[in-house]
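Asks: Got a structure for you, written out below as structure tokens; questions coming shortly.
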Amino acid sequence: MKFHGMEKKEVEKALNTDYMVGLSEADAVNRIKQHGFNELEEGEKQSALILFFSQFKDFMVLVLLAATLISGLLGEYIDAIAIIAIVIINGFLGFFQERKAERSLHALKELSAPQVYVLRDGNWIKTASREVVPGDILRFTSGDRIGADVRLIEINSLEIEESALTGESLPVQKTDNKLQEENLGLGDMQNMAFMGTMVTRGSGVGVVVGTGMKTAMGQIADLLQNAETMETPLQRRLEQLGKILITAALLLTVLVVIAGVFGGHDLYTMFLAGVSLAVAAIPEGLPAIVTVALSLGVQRMIKQKAIVRKLPAVETLGCASVICSDKTGTLTQNKMTVTHLWSGGEVSQVGGVGYEPRGEFYRGDHKVSIKEEKALQQMLMFGMLCNHSEITQKGSEYVIDGDPTEGALLVSALKAGFTRDQLHKQFELVKEFPFDSARKMMSVVVKDTNGRQFIVTKGAPDVLISKSESILWENRRQFMSRDMEGKVKDAIEGLASQALRTIAIAYREVSPGTLILDEREAEKDLTFIGLQGMIDPPRPEVKHAVKECKEAGIKTVMITGDHIITAKAIAKQLGILTPKSKVLDGNALNEMSVEDLEEVVDDVSVFARVSPEHKLKIVKALQSRGHIVAMTGDGVNDAPAIKAADIGVAMGITGTDVAKEASALVLLDDNFATIKAAIKEGRNIYENIRKFIRYLLASNVGEILVMLFAMLLALPLPLVPIQILWVNLVTDGLPAMALGLDKPEENVMKRGPRSPKEGVFARGLGWKVISRGFLIGTSTLLAFIISYNENPNDLIHAQTVAFATLVLAQLIHVFDCRSEKSVFSRNPFGNMYLVWAVISSLALMLVVMYYPPLQPIFHTVPLALRDWLLVIGFASIPTFLLAGSFLASKNK
Ligand code: ATP
């Protein structure tokens, strides 16, 4: 069926729908059964079984399994079965970690799934795009992505960018008329809109003709299966590091084996010990634990109302040095109320609170009767006419649906007694030129009952002055002279300096039947009527958040389309504008090249009256000064800057689909304070990853060194293979995971941002790994030597002492890893996950030592009190020796 060649009515009939009320919910459910969900099929997913077996494909694990098999064949059943059991448990652990990582990544994708406005049972509702069925009526506006293939039935200056389908990057102007040509390419079907394309201007309504794989996008879906790599820089660095660590561990293991064989051990024993050591010492699980830590962090961020769309952003967040934030709605509440009116040189106040449409008008102490004030009357009425917002009452509260600026104008008109119904009877809408933040205006062409035609424009006052040739003054139209202009500008500044956002209203009468094709033709030679000034109070939590950011070395920059004086007043209230910092406006930015801006950008903290394209310039200038920039945005035109920023931030409530798709972070509450919370979490996640890398590697160094030194000293094996594997599984695994859940140190937001170039071992981490690892290895060996010398005939006893010392040394050391400073700087019970992980590890150690059936398997014997004193003493050395030296150096 060719819908583009049919009249609207024919399409309505063919799809068995109703343009006025849409489908019923019940019908929609039935149609889903018939047509399936509106989604593109995804590529094959990795099955659980394959994921499980892939845990064992690691080379050293295979060698270990082969070696175990051989030892089994040689009659060492118990060892063989125990080792295989440990390898399988390890496999399960890896499997669950990867599963969790995969699931949370998937959940992230679901959260950012697109939504659409659809007409059901006569009401417009917002629903997930996958629920849409053929016959549904969809509504979309600038910045939305089209949710299915639709035949347009109503348009309003609608332009759609279809490059994803046609490769053509210029937006296409749409129509809702029937097209005559039969065989048209997608690019020429001007009365259709296709799934996945993006509205760049205007708005429209369409009826769904195709969903899911039956859309034009569905037909090329295979080509679009571009799996975006979600690896973070740290993960990539760890992968490279992993290769170096594997080589180092293997070399050392070979050294251990050679030394052992020269020292008189038999080759078979040394081979099994060597392979076990290699399996234990190679941090093959590190990338998976890192992914888990990242995705758990991402989940914590969701609780704080920040959604990370791209995993690498978690890391970049910790490096952010500048946040460029929109003013309206992010720093302020976006709950606007008109409090002042200005026209003909006089200011009036508007009473009432919030959106409640009740309030009086005053001039000084006198009540003003709007009926007697022609200019005010006209200004309030036009403010309601050139307006899309709706007001509804929910209980005792009034809510605005639509743009809050327009909501404020609607409420001020309602207070004066105007109603939409009455205006609709009086005026018929002929055409509309929607608001865009580059023009900073919106206009409508209307015809009244007498056939007179008017253009009504509202917008930024300083822009509207330049479009006006006359002004209503003392109820007469007067020429907009220089002198008049000066008076209006004084009035704008007067209102703006009280932190009010100002909107001007102007109009022009045009002869009936005049065709106005574009906004340039409409928005000229206007008559300026007056100003409405509205408050938009700052969000209460922002001031503190700005302060915290400052302490954390992060500068906050306000970027706003609003008037420079309004912007300054609010920036001062929030502590963004300080006596030392500067303000730049859009005009100044136009004159500057990126290089010019670079010179001054470090001193600027407010950019006012900017257009979205200026944002890109600001991002570039800041980046070339070496900053890591977070940039917020909501509109279509903000997308390039959001993409170019190191952390693109989109608004969850007011943001368009396009802005969200370009972003790395979405704020569910549009709130600046949420960016700060996400940065704090980003810093913490990175620090936690450093903590467990430090813990795991220091433990591995300890394990290798105790074996290596023993072999070099021609001693017996201090640990048997099964003990090494057990330490790797229990002592290393659980506490490392718990470190990933650690709370931030108090100073995370008291120090400057991390350099993005910083390596894994920066800030002393490498030294800590080696020094602690060395001490863990030598203490364990000393405990072993002492015990062995006392009783050379009881090797198992000495090995049990070594085993217990190693486990305990690591479990004490794990508390040291929680802090950059020393073990004493944090309350050990601050992370209860860790406390429980350590208690479980300890308990499991006691079980393998004291539960008789396990003793032969793990080559252990019960220890006496004296042994325990030895174990505890040596196990404490690695952590407390260095902590003591730290304290001593601090006291000096
Ligand atoms: P921010 O960039 O901080 O969100 P903003 O919301 O003030 O600031 P824009 O939405 O680009 O930025 O608005 C710029 C100016 O355009 C406003 O100061 C106002 O004067 C005017 N304006 C805003 N909304 C409308 C609208 N719906 N109709 C007409 N003019 C508007």
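The values are calculated or read from the model by the stated rules, or taken from the named source; none is laboratory data. All values reported here derive from a predicted model rather than from experimental measurement. Here the Cβ positions follow ideal geometry from the backbone for every residue, glycine too, while neighbour counts run over all protein chains shown.
Asks: Among the residues of the stretch 395-432, how many are farther than 23 Å from residue 361 by Cβ and of a type outside the set (A, V, I, L, M, F, W, C)?
Replies: Adding up the residues that qualify gives 11.
Asks: Residues that are in the same structural domain as residue 371 (by TED's automatic domain parsing) and in contact with a Cys (Cβ under 9 Å, 6 or more places away or on another chain): does the stretch 418-434 have at least one? Explain how you work it out, then say what you get.
Replies: Taking the stretch 418-434 first, the residues in the same structural domain as residue 371 (by TED's automatic domain parsing) are 418-434.
The next check asks that each one be in contact with a Cys (Cβ under 9 Å, 6 or more places away or on another chain); those that pass are 432.
Within the stretch 418-434, one or more residues are in the same structural domain as residue 371 (by TED's automatic domain parsing) and in contact with a Cys (Cβ under 9 Å, 6 or more places away or on another chain).
Asks: Against the conditions (1) closer than 30 Å to residue 130 by Cα; (2) buried (at least 19 other Cβ atoms within 10 Å of the Cβ), where does residue 259 fall short? Just the number, please.
Replies: Every listed condition holds for residue 259 apart from (1).
Asks: Moving on to the next point. Please enumerate the residues belonging to the stretch 114-158 that are part of a loop (DSSP other than H, G, I, E, B) and of a type in the set (A, V, I, L, M, F, W, C).
Replies: Step one: of the stretch 114-158, the residues part of a loop (DSSP other than H, G, I, E, B) are 114, 121-122, 132-136, 142-144, 146-148.
132, 133, 146, 148, listed by residue number.
Asks: Let me ask something else about it. Does residue 382 meet the test of being within 21 Å of residue 522 (Cα to Cα) and in a helix (DSSP H, G or I)? Before the answer, list the steps.
Replies: On the way: within 21 Å of residue 522 (Cα to Cα): yes; in a helix (DSSP H, G or I): yes.
So residue 382 fits the description; yes.
Here's the yes/no breakdown for (1) of a type in the set (Ser, Thr, Tyr); (2) surrounded by 21 or more Cβ atoms within 10 Å (Cβ to Cβ); (3) in contact (Cβ under 8 Å) with a residue 24 or more places away in the chain; (4) closer than 12 Å to residue 205 by Cβ:
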{"position": "128", "(1), (2), (3), (4)": "no, no, no, no"}
{"position": "133", "(1), (2), (3), (4)": "no, yes, yes, no"}
{"position": "136", "(1), (2), (3), (4)": "no, yes, yes, yes"}
{"position": "151", "(1), (2), (3), (4)": "no, yes, yes, yes"}
{"position": "165", "(1), (2), (3), (4)": "no, no, yes, no"}
{"position": "171", "(1), (2), (3), (4)": "no, no, yes, no"}
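Asks: Also, quick follow-up: Under 6 Å by Cβ, and 6 or more places apart or on different chains, what pairs join a residue from the stretch 487-508 that is within 11 Å of the ligand (Cβ to nearest atom) with one that is of a type in the set (Lys, Arg)?
Replies: Short answer, once both residue conditions are applied: 503/458; 505/458.
Residues are listed down the side, and each one gets a yes or a no for (1) assigned by TED's automatic domain parsing to the domain that holds residue 654; (2) within 16 Å of the ligand (Cβ to nearest atom):
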site: 318; (1), (2): yes, no
site: 349; (1), (2): no, no
site: 398; (1), (2): no, no
site: 406; (1), (2): no, yes
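Asks: So residue 260 ticks every box in (1) in a helix (DSSP H, G or I); (2) closer than 24 Å to residue 558 by Cβ but one. Which box is left unticked?
Replies: Going through (1) in a helix (DSSP H, G or I); (2) closer than 24 Å to residue 558 by Cβ one by one, residue 260 breaks only (2).
Asks: Kindly list the number of the only condition in (1) more than 16 Å from the ligand (Cβ to nearest atom); (2) free of Cβ contacts under 8 Å to residues at least 40 places away in the same chain; (3) crowded, with 21+ Cβ neighbours inside 10 Å that fails for residue 414.
Replies: (2)
Okay, residues lined up against (1) assigned to a helix (DSSP H, G or I); (2) modelled with pLDDT under 90; (3) more than 21 Å from residue 775 (Cβ to Cβ):
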| position | (1), (2), (3) |
| --- | --- |
| 809 | yes, no, no |
| 829 | yes, yes, yes |
| 839 | yes, no, yes |
| 883 | yes, yes, no |
| 888 | yes, yes, no |
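Asks: Among the residues of the stretch 179-199, write down those that are of a type outside the set (A, V, I, L, M) and modelled with pLDDT of 90 or more. Can you show your working first?
Replies: Taking the stretch 179-199 as the starting set, the residues that turn out to be of a type outside the set (A, V, I, L, M) are 180-183, 185, 187-188, 190-191, 194, 196-197.
Correct list: 190, 191, 194.
Asks: On to the next question. Please specify each residue of the stretch 326-356 satisfying the condition of being outside any loop (DSSP other than H, G, I, E, B), surrounded by fewer than 18 Cβ atoms within 10 Å (Cβ to Cβ) and not aliphatic (A, V, I, L, M). Show your work before the answer.
Replies: In the first step, residues of the stretch 326-356 are kept if they are outside any loop (DSSP other than H, G, I, E, B); the result is 326, 332, 337-343, 346-350.
Remaining after also requiring surrounded by fewer than 18 Cβ atoms within 10 Å (Cβ to Cβ): 346-347, 349.
If the condition is that a residue be outside any loop (DSSP other than H, G, I, E, B), surrounded by fewer than 18 Cβ atoms within 10 Å (Cβ to Cβ) and not aliphatic (A, V, I, L, M), then 346, 349 are the ones that fit.
Asks: Right, next: Only one residue in 649, 636 is over 13 Å from residue 323 (Cβ atoms) and of a type outside the set (Lys, Arg), so which one is that? Break it down into steps so the answer makes sense when it comes.
Replies: Numbers: 649 fails: over 13 Å from residue 323 (Cβ atoms).
None of the others qualify; the one that does is 636.
Asks: Shifting gears a bit: How about the stretch 461-476: which of its residues are crowded, with 17+ Cβ neighbours inside 10 Å and in contact with a strand residue (DSSP E or B) (Cβ under 7 Å, 6 or more places away or on another chain)? Lay out the reasoning, then the answer.
Replies: Pass one, the stretch 461-476, residues crowded, with 17+ Cβ neighbours inside 10 Å: 461-462, 464-465, 467-468, 470-473.
Hits for the stretch 461-476 are 461, 464, 465, 467, 468, 470, 471, 472.
Asks: Could you tell me which numbered condition residue 661 fails, if it satisfies all but one of (1) in contact with a strand residue (DSSP E or B) (Cβ under 9 Å, 6 or more places away or on another chain); (2) modelled with pLDDT under 90; (3) surrounded by 22 or more Cβ atoms within 10 Å (Cβ to Cβ); (4) in a helix (DSSP H, G or I)?
Replies: Result: residue 661 passes all but (3).
Asks: Of the numbered conditions (1) modelled with pLDDT under 90; (2) within 41 Å of the chain's Cα centre (by Cα); (3) more than 14 Å from the ligand (Cβ to nearest atom), residue 358 satisfies every one except a single condition; which is it?
Replies: (1)
Asks: Could you look through the stretch 629-650, keep only residues that are touching a Ser or Thr at 6+ places or on another chain (Cβ under 7 Å), outside any helix (DSSP H, G or I) and touching a residue at least 24 places away in the same chain (Cβ under 8 Å), and pick out the one that is nearest to residue 305 (Cα to Cα)?
Replies: Per the criteria, the residue is 649.
Asks: Taking residue 545 as meeting all but one of (1) modelled with pLDDT of 95 or more; (2) within 16 Å of the ligand (Cβ to nearest atom); (3) not assigned by TED's automatic domain parsing to the domain that holds residue 412, write down the number of the exception.
Replies: Answer for residue 545: the failing condition is (2).
Asks: Let me ask another. At least 1 residues that are touching a residue at least 12 places away in the same chain (Cβ under 8 Å) and within 12 Å of the ligand (Cβ to nearest atom) in each: list the helices (runs of 4 or more DSSP H) lying fully within the stretch 563-610 that qualify. Spell out the reasoning first.
Replies: Details: elements: 564-574, 586-591, 594-600.
Here the list reads 564-574, 586-591.
Asks: Just to be sure, is residue 619 within 16 Å of the ligand (Cβ to nearest atom) and either closer than 30 Å to residue 807 by Cβ or surrounded by 21 or more Cβ atoms within 10 Å (Cβ to Cβ) (or both)?
Replies: Values: within 16 Å of the ligand (Cβ to nearest atom): yes; either closer than 30 Å to residue 807 by Cβ or surrounded by 21 or more Cβ atoms within 10 Å (Cβ to Cβ) (or both): yes.
So residue 619 passes the test.
Listed here are the residues, each with its yes/no results for (1) surrounded by 17 or more Cβ atoms within 10 Å (Cβ to Cβ); (2) farther than 30 Å from residue 629 by Cβ.
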{"residue": "761", "(1), (2)": "yes, no"}
{"residue": "769", "(1), (2)": "yes, yes"}
{"residue": "776", "(1), (2)": "yes, yes"}
{"residue": "793", "(1), (2)": "no, yes"}
{"residue": "811", "(1), (2)": "yes, yes"}
{"residue": "815", "(1), (2)": "yes, yes"}
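Asks: Give me the pairs: first residue in the stretch 460-473 and in the same structural domain as residue 487 (by TED's automatic domain parsing) and over 18 Å from residue 565 (Cβ atoms), second residue part of a strand (DSSP E or B) and within 12 Å of the ligand (Cβ to nearest atom), beta-carbon distance under 8 Å, and six or more apart or on different chains, which are they?
Replies: Close Cβ pairs satisfying both conditions: 467/441; 467/457; 467/506; 468/506.
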